[in-house]
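Down below is the structure, laid out as structure tokens.
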Amino acid sequence: MKDQEANLHGPDGSPMAGRSLAGRDRIAALIPHQGRMCLWDEVLDWDAGTIRLRSRGHRDPAHPLRSHGRLRAVHLCEYGAQAMAVHGGLRASEGGTAARPGLLVALRDVRLHVGRVDDLAGEIECEAQVLVESDSSQQYAFRISHAGTLLAEGRAAVILQPPVVTRPDRESSGPL
């Protein structure tokens, strides 16, 4: 199944401006996944509602999600979830804060269009878009493609950890 050329527009319908691009080191600083479990190599574009990323690691024989020498398409759901985390980290850092950690709680309408991805030459790309968000949760749609061919798509939901509340130090205050 061929993917349509990426039509990347922000929530207001305007083309994505890409306020800041990020390489692997910056991505790793934004998310809890480190080393080879940090699956994305670069941010191609992003705005408040959408992010587009690229990775080359799916062919790595030492990929941490490989089993029996193969990287199965179901693992593209982790790529989609990490796209959400990178996007949240970029948005938070733009506001001068760190992203709150989240817990992946649901995958919906996942469609895998291939069985495996370790045999694909070149890069894979992901576009993820915020669908719904609140102070305590987020839901994104994600689409992962290779050379214009759609590999996987779906929705992912995350519950965010409560914000840490700090109080100024006071001599009379006890433990919170």
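Which of the three applies to the stretch 22-160, rounded, prolate or oblate, going by the alpha-carbon gyration tensor with a ≥ b ≥ c and a/c under 1.5 meaning rounded?
Prolate.
If you filter the stretch 28-90 for chymotrypsin sites (Phe, Trp or Tyr not before Pro), then keep DSSP loop positions with at most 14 other Cβ within 10 Å, what is left?
Sites meeting the loop and neighbour criteria: none at all.
What full-extension length gain, to one decimal in nm, is calculated for residue 67 and residue 105 as 0.36 nm per residue of separation minus the Cα-Cα distance?
11.3 nm
If amide H atoms are built 1.01 Å from N in the plane of the peptide, which residues on other chains or at least 5 residues away come under 5 Å of the amide H of residue 116?
Residues meeting the criterion, in which the H sits 1.01 Å from N, are 73.
Using a 10 Å cut-off around each Cβ, can you sort 145, 137, 67, 55 from fewest to most neighbouring Cβ atoms?
67, 137, 145, 55
How much net charge surrounds residue 107 when only other residues with a Cβ under 15 Å from its Cβ are counted (Lys, Arg +1; Asp, Glu -1)?
Here the count lands on +2.
Taking other Cβ within 10 Å of each residue's Cβ, how do 74, 43 sort, fewest first?
Working: 74 15, 43 23.
Going from least to most buried by this count: 74, 43.
Could you give the length gained on full extension between residue 94 and residue 78, defined as 0.36 nm per residue of separation minus the Cα-Cα distance, in nm? Write down the numbers at each step before the final one.
Values: separation 16, 0.36 × 16 = 5.76 nm, distance 2.43 nm.
Full extension from residue 94 to residue 78 adds 3.3 nm.
With 10 angstrom as the radius, rank 150, 53, 71 by how many other C-beta atoms surround their C-beta, starting from the fewest.
With the sparsest Cβ surroundings first, the list reads 150, 71, 53.
Multiply the residue separation of residue 54 and residue 121 by 0.36 nm, subtract the distance between their alpha-carbon atoms, and state the gained length in nm to one decimal.
Extra length available between residue 54 and residue 121 comes to 22.8 nm.
Just so you know, all these numbers are worked out from the coordinates, no wet-lab data involved. Computed from a prediction, not measured in an experiment: that's the story for all the values here. Reconstructed Cβ throughout: ideal geometry from the backbone, glycine too, with neighbour counts over all protein chains shown.
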